[in-house]
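K.L.:
What follows is a structure written as structure tokens; I'll ask about it next.
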Amino acid sequence: MKLIIASLIIGRGGSTFQDKNIVPILGHPLLHWTANAALNCPDINKFYISSDCVKILKEGEKAGYKSIKRPTKLASANSQSCDTVSHALDVMKFDGNIDIVVVQHANV
């Protein structure tokens with residue numbers, strides 16, 4: 001049985017470093033480096049990005065990730081990553097079974 005493994009990139013739009021998740025690093029938006037790590041893993045077969053920011057979601061889509069629009073209540077400086085992941089899992093379950101979720105931060 002092949003496991004269904006999903007990559008979930010999380011990245012918030014509001015920050016003291018404006019657009020940090022999409023700032024160009026060596027010619028590519030920062031989150032593309034994160035995305036490429038998962039895209040190059042043969043065991044990961046589903047790809048999602050969660051953000052409150054349309055610019056971040058669009059960059060994720062360019063990399064091949066499916067967008068999950070994060071509600072404003074999960075996009076404050078005090079929001080917890082676990083709540084963001086829980087919200088994303090509620091959305092992701094509509095795409096079918098997922099056995100493992102690899103959570104990646106857009107700026108790492």
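The values are calculated or read from the model by the stated rules, or taken from the named source; none is laboratory data. This structure is a prediction, so every number in the text was calculated from the model and none was measured. Cβ coordinates were reconstructed from backbone atoms using ideal geometry, including for glycine residues, and neighbour counts include every protein chain displayed. For accessibility, only protein heavy atoms count, side chains too; no ligands or nucleic acids. Shrake-Rupley method; radii C 1.70, N 1.55, O 1.52, S 1.80 Å.
K.L.:
Return yes when HIS105 is open to solvent by 60 Å² or more (accessible area, probe 1.4 Å) and either in contact (Cβ under 8 Å) with a residue 12 or more places away in the chain or in contact with a Phe, Trp or Tyr (Cβ under 9 Å, 6 or more places away or on another chain) (or both) and no when it is not.
P.N.:
yes
K.L.:
Scan the stretch 29-61 for residues that are outside any helix (DSSP H, G or I) and hydrophobic (A, V, I, L, M, F, W, C) and jot them down.
P.N.:
Restricting attention to the stretch 29-61, the residues satisfying the condition of being outside any helix (DSSP H, G or I) are 29, 40-53.
CYS41, ILE44, PHE47, ILE49, CYS53 - these are the residues of the stretch 29-61 that are outside any helix (DSSP H, G or I) and hydrophobic (A, V, I, L, M, F, W, C).
K.L.:
Given the conditions (1) touching a strand residue (DSSP E or B) at 6+ places or on another chain (Cβ under 8 Å); (2) in contact (Cβ under 8 Å) with a residue 60 or more places away in the chain, which single one is not true for ASN97?
P.N.:
Unmet condition: (1).
K.L.:
Being of a type in the set (Lys, Arg), out of contact with any Cys (no Cβ under 8 Å at 6 or more places or on another chain), exposed (fewer than 13 other Cβ atoms within 10 Å of the Cβ) and farther than 12 Å from GLY14 by Cα narrows it down to one residue among LYS66, LYS93; which is it?
P.N.:
LYS93
K.L.:
Here's another thing I want to ask about it. Could you please find all residues in the stretch 16-28 being outside any helix (DSSP H, G or I) and either touching a residue at least 12 places away in the same chain (Cβ under 8 Å) or of a type in the set (D, E, K, R) (or both)?
P.N.:
ASP19
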